[in-house]
Amino acid sequence: MQRLSNYFLAAATAAGFAAAPLLRGYSFFSPATRTVLALGCYVLGLVGVFVLLRRVSGEMSADSALARIASRQAVRATIALALVLYLGVIFHANGSFFKPETHTTAWLQASEYGMLACGITLVIISGGIDLSVGSVLGLVAVCFALMSIHWQWSAWLAVPAALAIGLCCGTVSGVLTATFRIQPFIATLAMMAFARGLAKTVSGGRKVFTVVPLPDGSFKEVPVPKVFETLVARVLGDTISVVTIIFLACAAIAWFALAWRRWGRQLYAVGGNEQAARLSGIRVEQVRILAYAASGLLAAVAGICHAAQECQGDPEAGIGYELTAIAMVVIGGTSLAGGTGGIGLTLIGTLTFGYLEKILSINNVPQAGRLMLTGLIIVAAVLTQRRHQ
């Protein structure tokens, strides 16, 4: 009987997903009615997938190959990504979703968030949290614009200096958390406020762009620095942005550090059981400080890319970015409790969230509705990945 019930649920789930694009293209109903009906069928399919995964993980034998596959976080994260991509197939905005530039633009828009998410992943695995990355991004963007545009520094000086600023911010957060035993939420919240205030102080509360104020009160316009043009360029047949390649390089380096370096294994140990890690000889404070420093460094990379893409340094840049980055990490399947997760999962989560935002954008979903729908689908994606307890 249980097997029959599962077959019926699978059939209902498939029917919901199959009916959604058909209803979306059925001209008998009004556009609004078609949208509601298609979305309802899609939600029905989502619920079916969630229930099926729960049953497969909880009711089948632990030795079952299907149960082992369904319980893997990478599989669940991939299912969430596939469900979001199928949403784009249903609501393709007159074929816009099927154009290559739509996908490359989605990757570009998600790249900055992805860099922040990679850094936050390292911190979360160690058992912490970093709320300061958005403000650090804004601070580095302002400083990098000042150094490159107003002060005319070469890229060989401006880039290392900007990276050093992010590294220092992350290190301070790590020291406050690991050495002074301040709660990560409080320590990084303080750094978030401090970095944002410092960005406004350095910039004078104004955007830093190619119109430079002179001592006599006049202004002059300077050319866009070459490093900005390099970062916003596209390669591989003018398809992939340099920023996207930088994001993938950051993800690859972070993955290598987690998977193949001793520090990566120590991060998992500290996040899983701090006391056991300490008793085994791991220098817990040093491991955690390095995690926050790496997060600050990756936030600095994102800030440099942000300044180049906007051709300016905005002291308000990055507001709310930390919440989006944390959502990407959680969607990928990294546990906020620490000790589990990985960069590969975060990469899948970044793609999932990036595509979701792009699909809502090409369908001209209002901002209010976009926020509500994004929240609902994030919850559904996270529930789809959660292991059966």
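Coordinate-derived values only; no laboratory data. Note that the structure is predicted; figures quoted are calculated from it, not measured. Using ideal geometry, Cβ is built from the backbone for each residue, glycine included, and neighbour counts are taken over all protein chains shown.
Structural remarks
- Inter-probe distance in nm under a simple model that places probes 7 Å from Cα toward Cβ, at Thr230 and Ala249: 0.9
- As computed over region 1-47, the Cα convex hull volume per residue (Å³): 55
- The tail of the calculated P(r) for region 205-276 beyond 19 Å holds 64 percent of all Cα-Cα pairs.
- The gain in end-to-end length when the Ser218 to Arg265 segment is fully stretched comes to 11.3 nm, 0.36 nm per residue minus the alpha carbon separation.
- Backbone phi angles across region 228-233, fed through the Karplus curve with coefficients 6.51, -1.76 and 1.60 (θ = phi - 60°), yield HN-Hα couplings of 5, 5, 5, 6, 8, 5 Hz in residue order; Gly and Pro are listed as x.
- Here the Kirkwood formula puts the hydrodynamic radius of region 107-340 at 18.0 Å, using every distinct Cα pair.
- Extension reserve of the Ala15-Leu157 stretch, reckoned as 0.36 nm per residue once the Cα distance is removed: 45.2 nm
- Build a GNM of the chain with springs between Cα atoms under 10 Å apart, and of Ala32, Ala14, Ala269 the one that fluctuates most is Ala32.
- For Val212, distant residues with modelled amide H under 5 Å away: Lys220, Glu221, Val222
- Thr239-Thr201 FRET efficiency (beta carbon distance; Förster radius 45 Å; 0.05 resolution): 0.65
- Both radii come from the Cα set of region 79-217: Rg as radius of gyration, Rh as Kirkwood radius; their ratio Rg/Rh reads 1.09.
- Max mean-square fluctuation residue, GNM over the chain, Cα-Cα springs under 10 Å, options Val235, Val43, Val140: Val235
- Taking the alpha carbon gyration tensor of region 248-299, multiplying each eigenvalue by 5 and rooting it gives semi-axes of 21, 12, 7 Å, largest first.
- Inverse mean reciprocal Cα-Cα distance (Kirkwood Rh) of region 146-212, Å: 13.5
- Max mean-square fluctuation residue, GNM over the chain, Cα-Cα springs under 10 Å, options Cys118, Cys311, Cys169: Cys311
- Percent of C-alpha pairs per 10 Å bin, region 275-368, short to long: 13, 32, 35, 14, 5, 1
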